[in-house]
Amino acid sequence: MLAFILKRLGEGIVLIFVVTAVTFFLTFGAGIPVALNILGPTASADQVASLNADLGLDRPIVEQYFSWLGGVMHGDLGHSYFTSEAITSSLVHRLPVTMSVVAVACVITVILSVVLGVASAARGGWLDKVLQGIATFSYVFPAIVLGVVLVYVFAVTLHLVPAIGYVPIGESFGGWFGSVILPAVVLSIGGIASLAAQIRGALIDELNKDYIRSLRSRGVSERSILLKHSLRNAASPALTTFSLMFIAMFGSSLFVEKIFALPGFGSYGYTSTIQGDLPAMLGVSLFSVGLVVVVNLIVDLANGWLNPKVRVS
Amino acid sequence: MTLLEVNDLRLSYPARGFRKKSPEVLKGVSIDIAPGETLGLVGESGSGKTTLGRAVLGLAAPTGGSIRFAGQDITNTPTKERRGLARDIQVVFQDPYTSLNPALQIADILAEPLIAQGVEGKEARKRVLALLDRVGLPANSADRYPREFSGGQRQRVAIARALALKPKLIVCDEPVSALDLTTQAKVMDLFLELQRETGVAYLFITHDLAVVRHISHRVAVMYRGEIVETGTAAQVTNHPRDPYTQALLLAAPTADPDRQKERREARWKMMREAAASSATAG
Amino acid sequence: MTTNEPTVLLPGIDEAEAKKRAGAFARLLRMPLGLLSIIILVAFVILGLLEPVLSNHDPLFASLQHINAPAGTSGWLLGGDQYGRDIWARVLTSINVSLISALIGAGVGLVFGSIFGLIAGYAGGRADAVLSWIFNLLMTFPSLILVMVLAPVIGTTYQGMMAIFGLFLAPGIFRLVRNLVQGVRNELYVDAARVAGLSTWRILSRHVLYVVRGPVVISTVFLASSAIGVQAGLAFLGFGSTQTPSFGSMTGDAFANIYTEPMQFVWPSLFLALLNIGLIFFGNAYRDALAGPQAVVAKKRRRHETSQETVTRYEPDGSVGGGLLKLRNLRVSYPQPDGSEKNVVEGLSLDIHPGEIVGLVGESGSGKTQTAFSILGLLPKEARVGADEMRLAGDSLIGVSQTQMRKLRGGVISYIPQEPMSNLDPSFTVGSQLMEGLTKGMSKAEAKRTILELLERVGIPDPARTFDSYPHQISGGMAQRVLIAGAVASRPKLLIADEPTTALDVTVQAEILDLLRELQGELGMGVLLVTHNFGVVADLCDRVVVMRNGHLVEEGGVREIFHHPSQEYTQELINSILDEETVRMDPPVVVGSQAGGAL
C-alpha cells in the first residue's frame, strides 16, 4: 500500500512540474509585450526597456523560470503586474469562493447520483427514463444557458436568491447559501448525469455476477446484496468518474463565476489572462493543477484502499 | 526423421515493471513428434501444457532452449517469417465460441489462411467449399455466421481452417474439452480420420486421460512446467511409472459405478501409503 | 465420411439473424429518434452551408435604427440585437462556427486518441505503459483553465483554441480504443490469424476495426457536443475573436442585456440546444442500434414454441412416501424479443428422497441447470416458472414469497456453484461472507465458531488464516471447499450442487467428491448433483435422471442407467463415453512425401 501511495504522489509531483514548466515557457516565451500592455501604446522605448528590466523580463527565459520556481518553493508566487498584490494572497482569498460552489455542487451531485443510481439499478423502469432525461438535459443546455435561465427565473423574477455576488460563510450562513446554491445547481446537473449513469451501470454489472447469486443462495437479504456487496464493488469505477467530474466542475466554474459575478478563482484567471498578467496566470495554472493532483491522489488512495489486492499487499 | 523437436525449452512471461522476475512456466521441456504421429500432452492447470503449445505456434516467446521443425530452428521466428511456417504448423483452439470472429462469415474465416498466402477470389472459394465438405459441414454454411452454429459445428469450422494450408503439424489445444459428450465422440472421430487420410501430425493437448488414450500414439505428462513421464499411450496410461501420473490416473473417475469404487479405494490406499511413508521419512 | 450433423437452427432465429446482418445504420434510420436526429443535423449543415444565400446582412453590420428590433421586422427575421446587428445572420454564422468547432475539436481528439490507442492496445508492453501514462496525465489536466491561460499565446482564434481543446479530449478516445483493441488482441481468433501468418496490418483491419468502429463513433459524437459547449463557453467569457459571432458571444452579449430584452438570449440558446439535441439523440440512437435487433421490438404476440419432439413422459410413481423433493411437471420459459416464449424446461418431474444422491445429467441445452435454479428460486427475473407440484419435505414451494424463499435458502436448501473464484465477493474476507448467511439464528461469536469448525472439517489447513483472507489470496480448490462449508453450515436437508467439480483439476476434483460423500453421509442430506460427467455420476450417485432439450428422458438407479438404459438417447450418451479399454493401436501414417493426401 505504501509503495502505491508513493508512486501516485511521485506522479502527481511530476505532473505539476511538467504543466507549470510548459505553461511558463509558453507564456513567458511567447513574446507578449507586457511592458507595452502596462504602460499603454504611447510609452517610449526607454520606458518599456526600463519596465522590462524592473520586472526581470530581460533575463534569459531559463533563468526566469528557475527564479520563479525558487519563489514557489517558498510559497511566493510573485506579484501581479497590475495591482502589485502578492499573487499567493490573491489566490488564497479567491479559493474559498470557488471551493464553496464546487463543494456544494459535489455534495448535491453525490447524494442525488447515489440515490438515483441505486434506485434505478434496483428498480429500473421510469427511473431509467429519468436518468436518461437528466443526461440529455445536461448536454443540451450547457452551463452558460442553464446559468442564465436560472438567474433569470429565481433571482430576477422570483427574487428568491441574490443574482450576483458572494457572501462569505462567516458573515451569514443564509446569505452564503443563497449566493452559492444557484451556481452549484448549474454545475451539478452535468455531474449528476454522468455519475448517476456510471453508478447505475456499475451496479447492474455487479448484480449480474456469480457471487451475488451465491450470496442469495445463502439467504442474504436483498438489501445487503444491493447496498453492501454490489455498491462496495461498484464504488471503484464510480470514484474514478467522480474525480473526472470534479475536474470538469472546477473548469466550468469559470462560466458560473461570470454569470453570478462571484469573485472566485476562475474569474481571477480570466481577468489575468485578458490583462496579460503573466505571474497571475502562472499562479492560477499552478494552483489548478495542484488542486487536481490532490483530488486525484485522494481518489486513488480511496480506490487503492477499496481494492483488497492493493490494500493487503 | 523427426518433424518437431523441442529441446530443453524454457519460458517465463515478461516481468511487468521493475518487480522481481516472473516465475518460469516451462522449466526445460523436451518432446519430439514424428510425421503422422499424435503426441498427447497431458497435464492439469499450471502444468504449462498450453504455454508449450503456444511456444510451438510462435504465440509465446521462449527464454531458453530450442524448437526445431523439419530440421530448421524456429525458436524465435519474427512475424514476417511466420507466414512460411503457417504452411506447416496450424492450430485448433479449445473454445469454439471465441476462436471464430463472430463478425465474419464462415467463408471469410476459412479463407483467412489462404488470403495470408496470397490465394484469393474464386480459387479461395473453391478451396473453402472443399474444406467444408471435408469436415462434414453443408456447403451453405459458407455464407453463415458462427453464431448460427452449435459448439461442435464451430469446432469443425476451426478444424477446417487448420487444414486449409495442408499443414504437417496441428497443435490441438484442448479441442474437445468444451464440447458435449456426443459431439466430443464425433469430433474425435473426425480428428482420427483426417490424420489417417492426410498423414498430419498432432500435438494434442488435453487434461482428459480418456481422450488422450484414444488419439495418441505417444503420451507425455506435464507437471508444473516439467515433463514427468513420456512413453507409448498404452504404457503411460495403463502402467505409469511416475507417481504423479499414477495419481492422475486414479483420480479420474470411470463411468462404471463398481469399477469406480475399486479405483477410489485404490486411490485411498495410495494416499495412505504416501502419508505413511512421508510420516516415517519426516 | 462421418455422419453430417444437421445444421441445427431453432425456428425463428433465421429472421433475427437476417435483421442483425442488415447493419446498424439501417436500423438507426428505422428508429424515430435516430431519424429525427439525422434530420436535425442535416438541417443544420444545410443552414450553415447556405449562409451566404440565406442571410440578408453581414453579421457585423450594425444599423442604428434596428437596435433591439423585435423579431419579424421586415428583412430582420429574428430582430436586431442591442448593437443593431441582424440576429438571424449572426445565428447562421454561429451555426458554422459551432460546426467547425465540433469538427476541429472532436476531429483532433479522435485522430490522436485512436492512433495512439491502437498502438497502445495492440503493441502492449512498454509502448502501452508509456502512452497510457502520458494520456492519463493529459486527462487530469484542468483543460479549460489551461486553454484559457494559453489563449494569448496560441492566438485567440476559436479554431486554434478548439485544436488545443481537442488534445484534451483525446484521452477519452485513447482509453476507449486501447481497451477495445486490447480486448480483441487477446481473443483466440486473433491468435488464429497470427498462426495463419496474417500481417499485423491485415489483422488490424479485419478483426480490430469492426469492434472499435461503433463505440468510437458514439464517443466522438459526444465529444463534438463537448467541443461545441466549450467553444460557446469560452466565447461567452469573451475569448476567441470578438469579431466572429458565435452562440457563445451572442449569449454573452444577450446576458448583459437580459433584463431588458430577454428574447435576444432565447434565440442563440434555442439553436444551440437544438444542435446539441441532434447530436445527443444521434449518439443515443446509434448506441441502441448497435445493440442489435432486440432494441427494435415488434408487436408482442404470445406464441408458445412447440417442442421439437415428443418424448415418452416418465412419471416417477411417487408411491415411495416421505420424499424430500417432489417435483411434478416443471416448466421454465423465457420471453423472446419477438414476443414469443421459449421453453427451456417442460414437463419435468422428479423425486429426491432423504439421504439420496441424485445425478441430473444432460448435455448443453438440456435444462438441467435451469431445473436446479428453479428449485432454489434463483432464476433471472425474466424467467417464467410453473409446476403442478414443487414440494420440499412436504411443504409447497409454489407461490412462496421471496422473503420466505430467502429463509429457506441457506437454511433448508443449499447451493454449491460451479466456478469457485467468481462466486466469492472479492471485496470481503472469506469469513465475513460465510458468516452473513448464518447470523440469522445465532450470535456472531457462535457463527464464527461454527464457520471455523466447518473450514477445518472441509479440509482447510489453517482455518483462522483462511477466515481472514480475501478471495484472491486462496486457490481454486480451497475456494470450492469454502463454498461447500458455507453451503452445509446450516445443515440443509437438500443440497443442490451445480457441476461442483467441472472447473477443478482432476486430482482436486477427486478430493472434493470424497468430501461431498463424507458430508452427505454425516448430515444425511439429499443431494441433487447436476453434471455432464458420467464418471462423477458413477462415483457419487445413487440414482440418475437424464434430460434432453428441457425434457426428462429417463431415470433410474445408477447401475441400471449405466448397464441397461431403456431409452435410445441414454444409450447414445453412454456409448459416447470414451471407454477405458481402447488405446490407439494403428501406427502413424506417412502419406507420400507431402502431407495433404486426398484434399
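Whole-Hz Karplus ³J(HN,Hα) for the stretch B:225-236, in order, using 6.51 cos²θ - 1.76 cosθ + 1.60 and θ = phi - 60°, x for Gly and Pro?
Those phi angles translate into x, 10, 8, 9, 7, 9, x, 5, 4, 4, 5, 5 Hz.
Count, for each residue of B:96-107, the Cβ atoms from other chains sitting within 10 Å of its Cβ, then give me the mean as a whole number.
For peptide B:96-107, the averaged partner shielding equals 4.
How many nm is it between the label spots at A:Phe177 and C:Glu51, if each spot is 7 Å from the Cα in line with the beta carbon?
The answer from the label model is 4.7 nm.
Run the helix sum for the protein assembly as shown: -39,500 (n - 2.57) per DSSP H stretch of 4+ residues, divided by residue count, reported at 222 nm to the nearest 500 deg cm²/dmol.
It comes out at -18000 deg cm²/dmol, rounded to the nearest 500.
Classify the stretch C:500-550 as rounded, prolate or oblate, taking a ≥ b ≥ c as the square roots of the eigenvalues of its Cα gyration tensor: rounded when a/c is under 1.5, otherwise prolate if a/b is larger than b/c and oblate if not.
Note, shape of the stretch C:500-550 comes out oblate.
Dimensions of chain A along principal axes (Cα, Å, largest first)?
For chain A, the Cα extents along the three principal axes come out at 86, 57, 35 Å.
Among all the aspartates and glutamates, which ones have a C-alpha under 20 Å from A:Lys228's C-alpha, if same-chain residues fewer than 8 places away are not counted?
Output for A:Lys228: A:Asp205, A:Glu206, A:Asp210, C:Asp425, C:Glu436, C:Asp468.
Divide the volume of the convex hull of the Cα atoms of the stretch A:273-313 by its number of residues and quote the answer in cubic angstrom per residue.
Hull volume normalised by residue count: 53 Å³.
For the stretch A:1-158, just run the numbers: alpha carbon Rg, then divide by 2.2 N^0.38 Å, N being how many residues it has.
Rounded to two decimals, the normalised Rg is 1.61.
Angle check, please: helix C:32-49 long axis (alpha carbons) against the longest principal axis of chain C (alpha carbons), in degrees 0 to 90, nearest 10.
Taking the Cα atoms of chain C, the angle to C:32-49 is about 20 degrees.
Based on alpha-carbon atoms only, what is the radius of gyration of the stretch B:48-140 relative to the globular estimate 2.2 N^0.38 Å? Walk me through the numbers before you get to the answer.
Details: Rg = 15.6 Å, N = 93, 2.2 N^0.38 = 12.3 Å.
With N residues counted in the stretch B:48-140, Rg over 2.2 N^0.38 Å equals 1.26.
Evaluated at 37 °C with a viscosity of 0.692 mPa s, what Stokes-Einstein diffusion coefficient in µm²/s does the stretch C:338-417 have when Rh comes from the Kirkwood expression over alpha-carbon pairs?
Reported coefficient: 232 µm²/s.
In whole Å, what three semi-axes, largest first, describe the equivalent ellipsoid of chain C built from its Cα gyration tensor (square root of 5 times each eigenvalue)?
Over the Cα atoms of chain C, the semi-axes work out to 64, 30, 28 Å.
If you average the alpha carbon positions of the stretch A:4-61 and of the stretch C:128-196, how far apart do those two centres end up, in angstrom?
28 Å
Starting from the coordinates of the alpha-carbon atoms of the stretch A:177-313, obtain the Kirkwood hydrodynamic radius over all distinct pairs and give the value in Å to one decimal.
17.7 Å
Could you check the simple spin-label distance between A:Thr42 and A:Glu63, using points 7 Å along Cα→Cβ, in nm with one decimal?
Here the answer is 3.4 nm between the modelled labels.
Quantify how much of the Cα-Cα distance distribution of the stretch C:501-599 extends past 21 Å, in percent. Mind dumping the intermediate values first?
On the way: 2551 of 4851 pairs.
Percentage above 21 Å: 53.
Starting from the Cα gyration tensor of the stretch A:67-123, multiply each eigenvalue by 5, take the square root, and state the resulting semi-axes largest first in whole Å.
Semi-axes, largest first: 42, 13, 7 Å.
Translational D (Stokes-Einstein, µm²/s) of the stretch C:101-146 at 37 °C and 0.692 mPa s when Rh comes from the Kirkwood sum over C-alpha pairs?
Translational D for this selection: 284 µm²/s.
Let me know the Rg and Dmax you get for the stretch C:389-432 when you use only its Cα atoms, in Å.
14.1, 40
So what's the convex hull volume per residue for the Cα atoms of the stretch B:1-113, in Å³?
Working: hull volume 17.1 nm³, N = 113.
Roughly 152 Å³ of hull volume per residue.
Over the Cα atoms of the stretch C:435-496, what radius of gyration and what Dmax do you get, in Å?
Spelled out, the Cα radius of gyration and Dmax of the stretch C:435-496 are 11.4, 32 Å.
Just to confirm a number: summing +1 for Lys and Arg and -1 for Asp and Glu over residues other than A:Pro183 whose beta-carbon lies under 15 angstrom from that of A:Pro183, what do you get?
So the environment of A:Pro183 carries a net charge of +1.
For the stretch B:166-282, count all C-alpha to C-alpha pairs, find those more than 24 Å apart, and express that count as a whole percent of the total.
The proportion of pairs with Cα distances above 24 Å equals 38 percent.
What's the FRET efficiency of C:Leu270 with C:Ala62 using the Cβ-Cβ distance as r and R₀ = 25 Å, to the nearest 0.05?
That pair, C:Leu270 with C:Ala62, gives E of 0.65.
Of the listed peptides A:113-124, A:256-267, C:252-263, what is their order by residue-averaged count of other C-beta atoms within 10 Å, with the highest listed first?
Working: A:113-124: 19.3, A:256-267: 23.8, C:252-263: 16.5.
Put in order of decreasing packing, that is A:256-267, A:113-124, C:252-263.
Amide H neighbours of B:Gly65 under 5 Å, counting only residues 5+ apart in sequence or on other chains, H built in-plane at 1.01 Å?
B:Arg10
Once the stretch A:72-177 is represented by equal point scatterers at the alpha-carbon sites, with solvent omitted, what log10 I(q)/I(0) does the Debye formula produce at q = 0.09, 0.17, 0.24 Å⁻¹?
-0.42, -1.04, -1.26
Determine, for chain C, the count of lysine pairs separated by eight or more sequence positions (or lying on different chains) whose alpha-carbon distance falls under 25 Å.
Total qualifying Lys-Lys pairs in chain C comes to 29.
Considering just Cα atoms, how many Å³ per residue does the convex hull of the stretch B:215-282 enclose?
Working: hull volume 7.0 nm³, N = 68.
Enclosed volume per residue, from the Cα hull, is 102 Å³.
Can you pull out the GluC sites (Glu not before Pro) in the stretch C:490-599 that DSSP calls coil and that have at most 12 other Cβ atoms within 10 Å?
Answer by residue number: C:Glu581.
For the protein assembly as shown, report the % of Cα-Cα distances exceeding 63 Å.
Here the tail beyond 63 Å accounts for 21 percent of pairs.
Principal axes first, then extents: for the Cα atoms of chain B, list largest minus smallest coordinate on each axis, whole Å, largest first.
73, 50, 40
Semi-axes of the equivalent ellipsoid for the stretch C:138-235, please: Cα gyration tensor eigenvalues, times 5, square-rooted, ordered largest first, whole Å.
They are 37, 12, 11 Å, listed from largest to smallest.
Can you give the Kirkwood hydrodynamic radius of the stretch C:92-172 from its Cα pairs, in Å with one decimal?
Hydrodynamic radius (Kirkwood, Cα pairs) of the stretch C:92-172 is 13.5 Å.
What would the Debye equation give as log₁₀ I(q)/I(0) for the stretch C:420-528 at q = 0.15 Å⁻¹, counting only Cα atoms as equal point scatterers?
Taking Cα atoms of the stretch C:420-528 as identical point scatterers yields -0.60.
For the stretch A:40-95, what's the radius of gyration and Dmax over Cα atoms, in angstrom?
13.6, 39
Values in this text are rule-based calculations from the coordinates and carry no lab data. These numbers come from a predicted model, not from an experiment. Cβ atoms come from the backbone with ideal geometry, glycine included; neighbour counts cover every protein chain shown.
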